[in-house]
1. Within region B:179-191, identify whether any single residue is more than 25 Å from residue A:231 (Cβ to Cβ), at the interface with another protein chain (Cβ under 7 Å from one of its Cβ atoms) and modelled with pLDDT of 90 or more, and answer yes or no.
2. Quick check, is residue B:98 touching a strand residue (DSSP E or B) at 6+ places or on another chain (Cβ under 8 Å) and either within 11 Å of chain A (Cβ to nearest Cβ) or surrounded by fewer than 22 Cβ atoms within 10 Å (Cβ to Cβ) (or both)?
3. If you take just the helices (runs of 4 or more DSSP H) that sit entirely in region A:329-399, which of them hold at least 3 residues that are within 30 Å of residue B:162 (Cα to Cα) and modelled with pLDDT of 85 or more?
4. All but one of (1) modelled with pLDDT of 90 or more; (2) exposed (fewer than 12 other Cβ atoms within 10 Å of the Cβ); (3) in contact with a helix residue (DSSP H, G or I) (Cβ under 8 Å, 6 or more places away or on another chain) hold for residue A:24, so report the exception by its number.
5. Is it true that residue A:91 is under 30 Å from residue A:177 (Cβ atoms), in contact with a helix residue (DSSP H, G or I) (Cβ under 8 Å, 6 or more places away or on another chain) and touching a residue at least 24 places away in the same chain (Cβ under 8 Å)?
6. Among the numbered conditions (1) over 30 Å from residue A:231 (Cβ atoms); (2) within 13 Å of chain A (Cβ to nearest Cβ), tell me where residue B:112 comes up short.
7. Can you find even one residue in region A:339-353 that is in contact (Cβ under 8 Å) with a residue 24 or more places away in the chain and not assigned by TED's automatic domain parsing to the domain that holds residue A:189?
8. Condition first: farther than 19 Å from residue A:26 by Cβ, in contact with a helix residue (DSSP H, G or I) (Cβ under 7 Å, 6 or more places away or on another chain) and not in a loop (DSSP other than H, G, I, E, B). Now tell me which residues in region A:179-193 satisfy that.
């Protein structure tokens, strides 16, 4: 009874905790920090600027998307960065002057000052949805041929797609004579986020410029919260159960009427949808889409999911925040401090994958289930199942009976027989 | 309450739920199942027996859609399902259990049962995310049905327990509850008494008849335990080396020399079916 109440509390306390943290961060950076001592200000500016928090939130969205595929449905995807790229380029196409050389002039709900410019200019909020849906479509397209494969084979093929799509954009200056991505130069600048009816809330600005970091933070924190909300809701429904079932036992799931292909495709599409949101948000945050997407990004996102705790939304969120912060600020700041302290010249950020590798090895050795694991996974790793214990118990009983028998018949072999049974029991 | 457990001679006169018509499966040069014709009449308990390697499991897998026959066809409720995918077969009312229990171990007993309702539920991503009224209603009904089914198989109290933590017997029961959640017309049980003690096996007979009568399903049993087979079945089909060597009521099978021969060998050496 008490346990049930506690569990109920814990379920509700995480969203509350996240909301509280988000609000506290907002007030701290918006109201408190500017009034603090200069050294404190510069400390925060160096170690944890609001822009970095906002950027980390993009990684949270991406990690939550991959969590649907890897954590919920148990499909190892090593090419998730593809959806980030597709989302990013969708944003670039629809929010910049890029389409100008194709003689396309179109604007829809674009912020004032951008609605008459050449190219395509569509409101950030609409692009967010369009980009996410476009990614979901691509998720299904990529998934359809690959999801028939199992485990390792699926991982290898997704790895391939994760390479193909960024390469395609990197070399996309002349696809059948059409420039679709500006190649390595990328597409820049992108339209700023128009505030529209939210303008009064965000301090009366019509658009968010490069220095309206706190407002962008607010928007991104809401987007991340939406991803969490959707993740949690889907988990508890019909589709979430089907994903779990597939993760547990694919054959049994199909025998219980779960259509494998369609259900896995749904996982891919929903995961890609989040990737699209992250991609559009990231492009808008940087005001550019440059083909820097690489395999290492896929691995970093996967690392966030694994370290955080596969399948647990809160674990993945924490994993994403911590790892992206280490990647963006933590390492370089620590490096500066370390080099200053010991007058060395170690380039710490260049060791990031070494450090992540060590983290991963240590996690696998000491906390395989992640920082904040899903209760189910914790079960699997920490406690032997009752049937396992029963069978061990049965073995011990059998061994006892046997050794008693042996003792009766031939006492000199008794000890040897016991050690044998113990050895075979392992 | 339960109907008399004696065999009913009129079983064959009832309409067939599931029919296998001249089914043959070859794996390369090996003929695993050779021209087997087989019927499950409505509301009947049918058993498929045979010594090890007789092709029982292969044939079973043809019925459930894991294998496709080299020739022949399978009909279910008057519909040709020879090439229908397993999940489709499940959705139209063919449910099975597994010889070596295959539950969703890290899901609760209730969730296990609810997974099998997937095909009968409608809600999609958007309805689930927004928790639309009809989605909530559907979930509530699913929860209730799952609890009812768990009660039916006698493990109602374990609904919140992870499947892997259930005792062996309860896991077997949960498998049946999960299969029943498909609202099946035919229930295929693959060696359901494996690992049960004689006491449990005896109660199992009663249980199968209760399932048949209260859930209005036909039951196909693959079984090694002859005492269970003889008590529970109305019709028995015997396979040996891929061929159907006998079909009939338990009395007829007991009297069949070919069956005795297949099981015990001509010399009378006792074979073992484990």
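1. yes
2. Spelling it out, residue B:98 is indeed touching a strand residue (DSSP E or B) at 6+ places or on another chain (Cβ under 8 Å) and either within 11 Å of chain A (Cβ to nearest Cβ) or surrounded by fewer than 22 Cβ atoms within 10 Å (Cβ to Cβ) (or both).
3. The qualifying helices (runs of 4 or more DSSP H) are A:352-366.
4. The number of the failed condition is (3).
5. yes
6. Here residue B:112 clears every test but (1).
7. The answer is yes, given that some residue of region A:339-353 is in contact (Cβ under 8 Å) with a residue 24 or more places away in the chain and not assigned by TED's automatic domain parsing to the domain that holds residue A:189.
8. Scanning region A:179-193 gives A:183, A:184, A:187.
The values are calculated or read from the model by the stated rules, or taken from the named source; none is laboratory data. These figures come from a predicted structure and were not determined experimentally. Methodologically, a virtual Cβ is constructed for each residue, glycine included, from the backbone with ideal geometry; neighbour enumeration extends over all protein chains shown.
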